[in-house]
Every structure is written in C-alpha cells, then in structure tokens.
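Written below as structure tokens is the structure these notes are about.
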Amino acid sequence: MNKDDWQVRIIQLLTLPGMILAYYLLLYHNGSLIAGCTGNGWDDCGLVSGPDAAYSAIGPIPVALVGLIGYALIFLVIWLGEWWARLDDNLPELLIGLASSALLFTLGLTGLELFVIHSFCRYCIFSAVIVVIIFVLSLSYMRSD
C-alpha cells in the first residue's frame with residue numbers, strides 16, 4: 001500500500017464507528033441495553049433491531065453480529081495487508097468484494113425497513129451511510145490502482 005492510498009486509510013477509519021454501532025445494536029438486540037430512540041412514527045429501533053423484532057436475526061444469528069464481523073473483516077484485511085504482500089497486491093479487489101457484499105446486505109436490510117417493517121432505526125441508517133461511503137471509496141481506490 002502506498003502513502004497515496006488515502007481511500008484505504010479513510011475506509012479503515014470508518015470501520016471503527018461501524019464496529020461501535022454494530023456492537024451497540026448487538027447489545028440492544030440481546031437485551032443488554034435499552035435503545036436510544038423510542039417509537040415515534042418512522043423511527044422505532046425496537047421494531048427494526050430490538051430483541052423481539054422479526055427481522056433482527058437470520059435464524060439464530062443477529063444481523064448486528066453480521067455487521068460487526070463485516071466491519072472487523074474490512075479493518076483486518078487492510079491491517080494485514082501491511083505485512084502480507086500477497087494480500088496487499090489484491091487489496092483493491094478484496095475491498096471492492098467486501099464493500100459490495102456489505103452494500104448488498106445493507107440495501108436488503110434498508111428495503112425491509114422501508115417496505116416491510118415501515119419503520120427505521122437511526123443507528124441502522126447511520127451504519128448504511130458508512131457502508132455506502134466505504135463502497136464509494138473502494139471503487140475510487142480500485143480505479144486509482
């Protein structure tokens with residue numbers, strides 16, 4: 001990775017608030033925390049990611065855990081690329097693959113919020129914005145390489 005790969009550095013930095021958000025939502029899903037938003041029309045964290053929310057898990061796996069693992073994986077791929085030349089050589093493709101997967105997953109979840117649940121979680125929206133920025137930066141990095 002070159003010093004001019006500013007996109008990669010920003011992506012890695014963005015994974016940190018992403019991991020914090022995903023961890024918060026995981027704790028909320030598990031019932032360890034109360035939500036910072038209450039149900040008032042369009043914004044209801046309980047309907048979207050609460051412990052009893054219908055779409056807050058894929059089988060036994062909480063959606064927030066999938067997000068946490070995804071953000072951590074992006075962070076680790078960038079970090080390990082510093083020491084592993086083969087990983088660094090394929091970093092643009094790996095990042096675009098991970099970012100694309102995250103974007104598709106996020107679009108699916110946002111679609112559920114919009115068309116099925118009819119409510120949004122403000123933390124999920126913030127996470128979706130992070131994923132979109134990571135995706136755009138990954139495209140920029142791949143094109144500049």
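The values are calculated or read from the model by the stated rules, or taken from the named source; none is laboratory data. Fair warning: this is a prediction, and the values are worked out from it, not measured in the lab. Please note: Cβ atoms are built from the backbone with ideal geometry, for glycine as well, and neighbour counts cover all protein chains shown.
Looking across Gly50, Gly59, one residue alone is free of Cβ contacts under 8 Å to residues at least 24 places away in the same chain, in contact with a His (Cβ under 8 Å, 6 or more places away or on another chain), under 22 Å from Phe120 (Cα atoms) and not hydroxyl-bearing (Ser, Thr, Tyr). It is Gly50.
State yes or no: is Tyr28 surrounded by 13 or more Cβ atoms within 10 Å (Cβ to Cβ), modelled with pLDDT of 90 or more and outside any helix (DSSP H, G or I)? When the stated conditions are applied, Tyr28 does not pass them.
Against the list (1) at pLDDT below 95; (2) under 20 Å from Asp5 (Cβ atoms), the condition Ile117 fails is (2). For region 18-25, the condition holds for at least one residue, the condition being that it is farther than 27 Å from Tyr141 by Cβ, within 19 Å of the chain's Cα centre (by Cα) and either surrounded by fewer than 19 Cβ atoms within 10 Å (Cβ to Cβ) or in contact (Cβ under 8 Å) with a residue 24 or more places away in the chain (or both).
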